[in-house]
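Worksheet: one structure, shown below.
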């Protein structure tokens, strides 16, 4: 009996123990179930390495600010409190501090012979004068610090007018130029009331070929949208060239020619000769590029068309019959011309009828059209412009520069870099530099300081632009100011400054030169460089072979400047790469007054590389059309003539699609 009671007691005890164990098991699973998701959500680093028992966390939990919630990249700068890793050695990447944005390039003008007539001495004389003026300007900038605040404040209140109206006499008194302070924008329109003059004799009409002693009766005028605020010594770009030729064209017929000219290079002309554009040809905002008008002896045909049109109306035919109009301009007849800015291009209407449309071209932005000129055989009665923008990204930089630490340049580390990129820019190109900062300068290779990029800018004639430039340089830390007065023929000195900085400051293995309207695929350029053995000197780009100097015209090169019939092989200026050995050679020759300077900087580099090639180890020339000279091509390495909007568009496409794609938006 006792044995049975004992067994019953033990059975009940085991059941209670089992129940308690099961309860503890469920409790353990419940606690683990709470802990595991917590760890996965917040990371194992939050739990102390000493064990869960201590309950220690590395940081407190607070609500993040909006700025902290933004997507962040890996930090480029050392932490304020360095993380101590026990029993592990790591090479420290030290930061080099560069206090002044001024280039250390020094031009010694004492050796320049001011009386020499040698072809290469002309540019040396200009350089000496430019450096003397630049030195004076920089001293003024140093003494100008107290006035910077007042200038910036006054610029903030400056606005451009929404519309402008001037009479013919006012237009003539202003040099036949209407200034559009902030350029144009989508929907802007300009109306011109004028009268073409009668044809007059010309012996050198430029628009036709004549034998010696002959003359031609010519009547033509030019309406141009120009970019007035450019670098000194450089002709303003013709953003739109509209040229009606009533008589005197080489074709012998009335003609309207439209074109663009950028950095003194004319594009391909669009000629409207009275024939309507083909149906399969691209349109501009749904409008044809060229409308039809009566050609020569088409009067009978036109009268027949009118009669046919009335006859068809009478008999009830629905078939459309084209109605021909005469050439829109006639001598001594008043006209009303309206130029409007559409989404895809410019549209010209004369006396209420559409005449031509001209698509926007790469590199030409509406806001850069800061002047309207009318020249030639025309009397202007009045000009009216409306729907104009009230601010401009380039000429009101304090409104458009995003003064955010996000766009500041990464620090220059105390170690060699794989590639240094020198970007040629001008003092008033604020918008271009900002677009590059927001686009391809955000590449991880640049953010990690393995590739370094800097803008090289000379001083401007306007003091307020230099003040803004210095402020911009000090904030972003990516501008090197070359201390001479900017001049188109002295761009070559900026190239020397790029070589000097790349060799002596950045300690770069390779140096790249590009322009501020060039989009660069940094990773593609690095891959192209890595194809070449490290022990070889390289010259990479879109290389020209056997190019001949032009002996006539605006780009004429005299025999004194260049006595040979061919240029040496040279890479086009918008984007090329040289090895550090070549850059070091260029700087050494410059310091020793042995470097020949030529007004075309890309030809100059070809000349220097050729000399290096003949005096040192061989240079490997690498030619690729993907370093695009004119615009953008498929699978580009660099794309030239890209506007600020196109820069941002191309970067966004590169990030979203993972492959290069051109942006044809204007």
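The values are calculated or read from the model by the stated rules, or taken from the named source; none is laboratory data. Note that this is a predicted model, so its numbers are computed, not measured. Cβ placement follows ideal geometry from the backbone for every residue including glycine, while neighbour counts extend to all protein chains displayed.
In the set 211, 263, which member is surrounded by fewer than 17 Cβ atoms within 10 Å (Cβ to Cβ), within 16 Å of residue 368 (Cβ to Cβ) and modelled with pLDDT under 75? Among 211, 263, only 263 is surrounded by fewer than 17 Cβ atoms within 10 Å (Cβ to Cβ), within 16 Å of residue 368 (Cβ to Cβ) and modelled with pLDDT under 75. Looking only at the stretch 552-569, decide whether some residue is assigned by TED's automatic domain parsing to the domain that holds residue 419, within 27 Å of the chain's Cα centre (by Cα) and at pLDDT 90 or above. Checked the stretch 552-569: at least one residue is assigned by TED's automatic domain parsing to the domain that holds residue 419, within 27 Å of the chain's Cα centre (by Cα) and at pLDDT 90 or above.
Under the condition of being in a loop (DSSP other than H, G, I, E, B) and over 22 Å from residue 350 (Cβ atoms), the residues counted in the stretch 171-185 number 6.
Can you find a residue in the stretch 472-480 that is touching a helix residue (DSSP H, G or I) at 6+ places or on another chain (Cβ under 9 Å), crowded, with 24+ Cβ neighbours inside 10 Å and within 26 Å of residue 141 (Cα to Cα)? Within the stretch 472-480 (the criterion being touching a helix residue (DSSP H, G or I) at 6+ places or on another chain (Cβ under 9 Å), crowded, with 24+ Cβ neighbours inside 10 Å and within 26 Å of residue 141 (Cα to Cα)), the answer is yes, since at least one residue qualifies. Among the residues of the stretch 462-471, those identified as over 13 Å from residue 139 (Cα atoms) and in a helix (DSSP H, G or I) are 464, 465, 468, 469, 471. Does the stretch 215-228 include one or more residues that are over 30 Å from residue 339 (Cα atoms), at pLDDT below 90, part of a loop (DSSP other than H, G, I, E, B) and outside the structural domain of residue 494 (by TED's automatic domain parsing)? Yes, the conditions are met somewhere in the stretch 215-228. Among the residues of the stretch 620-644, those that are surrounded by fewer than 20 Cβ atoms within 10 Å (Cβ to Cβ) and assigned to a strand (DSSP E or B) comprise 620, 621, 622, 623.
The set of residues in the stretch 138-156 that are touching a strand residue (DSSP E or B) at 6+ places or on another chain (Cβ under 6 Å) and modelled with pLDDT under 80 is empty.
Within the stretch 568-605, being free of Cβ contacts under 8 Å to residues at least 40 places away in the same chain and touching a helix residue (DSSP H, G or I) at 6+ places or on another chain (Cβ under 8 Å) holds for 570, 585, 589. Residues that are buried (at least 20 other Cβ atoms within 10 Å of the Cβ) and closer than 15 Å to residue 544 by Cα within the stretch 609-619 comprise just one, 609. The numbered conditions (1) within 27 Å of residue 507 (Cβ to Cβ); (2) within 24 Å of the chain's Cα centre (by Cα) are all true for residue 603 except (1).
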